[in-house]
Amino acid sequence: MDDWHVLDIYDGDPTPGTPASIQAMATSSQRRAVEINGHTARLRSVAANSGSMRLRGNYAAKIDRELGRLPGEAKVLADAYLACATALSAFANELTQLQVRSRSALRIGMTAESQYRGLLQQFCGLTGMRTYGPGVWYGLDESYAAPLREPVRSQALAVARNARLCAEERGKARASALQAKYEYEVAAALCVKAIQAAGMRLGVSNSGLTEPAPTRSRAPKSSTRRGGAGKPKVGKGLRTSGKKTTGKPAKKSTAKPKAKKPPATPVVRNNDLPEVTIKVQRRPFHARGQFDRKMNALKKLSDEGKLFKQANPVGRDKKITADYKKRIRQKIFDKYWPHDKKMANALAARLRKQQPDHVWELQLGGADDVSNLKLLHGRTNWDVGGQIWHQIKNLPDGTPIRIEVVD
């Protein structure tokens, strides 16, 4: 399935994999374990010097000593295969259940999105309202019908109410898919950990299932100074700024460049601390609709008791936001170029003023994930984030936060 964008999930299937293939790997590992256990029994017979398998000759004693180690080593190998089979089988069963949930969420989300599109079109037909830009605008609710006059108002109110319910249904479906994604990542990590532990029993230090530890790299130094030509050395016969020089080499600076502070260890909400209310001031330069969307999302999270002061500096991957914006730009040109170049260029110019914003602020405990991103007017984004930061920076990590908008 490649329709996960309906749930604002742009990195593909949240629960990828084929349970049948994983179960087949588990069955193969279990078969290997049984075969090795059979070989172990025969090796024990040879090592015990019993029956027709008993060794004779000058080197029999030495060979017996070496053979004596083999049954134990084979048993370790069989146990490792069996552990892998158990881990893979458990993951396959878990994946089957998670895929049922995620695909059910996708179907519900697609139905809700389709119904919302129809209601949005109906509302625009009744009221003459227009939406702009690529994608679907999901902000329709009763507030847009309130200023209208009868008899249009009653019809528009019913359509807007149904549209809001569809948007909420889509939101629940998205949350269900993201929960399945989280549980999938946990299950996959447990499976990998079990297989790694089996490899460690065999003396395998790196089973190939983990990423190598990051290593520090240093950029190669340029052979010339910035600006092209090298700076001449100061010595006899040369002057700098009209002053005589001694000819002694200048002392090298011992000051080291200030190292970038590494991300702090993330914390969780500490409900033992008193809740602090953060006030965000609406300013004239804010993009009104986008500001309201941003603050409504934060107020909803605070009402649900999810916001808190995260430890600073917050870890983040800038590539996630950069790739997100690149994908949107590509979608604009895929849709409008070359048949409507004017629209493509206009939307691209508008996109340049937007920034990928973490809807659930990272500094308030949000995830650095593409599913947490929405485009937001750049200056609005900087100002809102700055207002929040200046009010929470001196609070203890984990402090519960409540959001309030001041007009």
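Looking at Arg282, is it over 21 Å from the mean Cα position of the chain (by Cα), at pLDDT 90 or above and not β-branched (Val, Ile, Thr)?
Against the criterion (over 21 Å from the mean Cα position of the chain (by Cα), at pLDDT 90 or above and not β-branched (Val, Ile, Thr)), Arg282 qualifies.
Every residue in segment 378-407 that is open to solvent by 20 Å² or more (accessible area, probe 1.4 Å) and either charged (D, E, K, R) or not in a helix (DSSP H, G or I) (or both), please. Arg379, Asp383, Lys393, Asn394, Leu395, Pro396, Asp397, Arg402, Glu404, Val405, Val406, Asp407, listed by residue number. Cβ-Cβ contacts under 7 Å between residues 6 or more apart (or on different chains), taken from a first residue in segment 320-337 that is more than 21 Å from His358 (Cα to Cα) and assigned to a helix (DSSP H, G or I) to a second residue that is of a type outside the set (Ser, Thr, Tyr) and open to solvent by 40 Å² or more (accessible area, probe 1.4 Å), are listed as Ile332/Pro134; Lys335/Pro134; Tyr336/Met343.
Table: residues versus (1) within 30 Å of Ser371 (Cβ to Cβ); (2) touching a His at 6+ places or on another chain (Cβ under 9 Å); (3) surrounded by fewer than 17 Cβ atoms within 10 Å (Cβ to Cβ); (4) at pLDDT 70 or above.
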{"position": "Pro14", "(1), (2), (3), (4)": "yes, no, no, yes"}
{"position": "Glu35", "(1), (2), (3), (4)": "no, no, yes, yes"}
{"position": "Gly38", "(1), (2), (3), (4)": "no, no, yes, yes"}
{"position": "Arg44", "(1), (2), (3), (4)": "no, no, no, no"}
{"position": "Val76", "(1), (2), (3), (4)": "no, no, yes, yes"}
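Once segment 345-354 is narrowed to residues that are assigned to a helix (DSSP H, G or I) and within 15 Å of Lys326 (Cβ to Cβ), the residue that is most open to solvent (accessible area, probe 1.4 Å) is Arg352.
The values are calculated or read from the model by the stated rules, or taken from the named source; none is laboratory data. Only a predicted model underlies this, so the values are computations on that prediction, with no experimental measurement involved. Ideal geometry is used to build each Cβ from the backbone, glycine not excepted, and the neighbour counts take in all protein chains shown. Remember, those area values only see protein heavy atoms, side chains included, never the ligands or the DNA or RNA. Shrake-Rupley method; radii C 1.70, N 1.55, O 1.52, S 1.80 Å.
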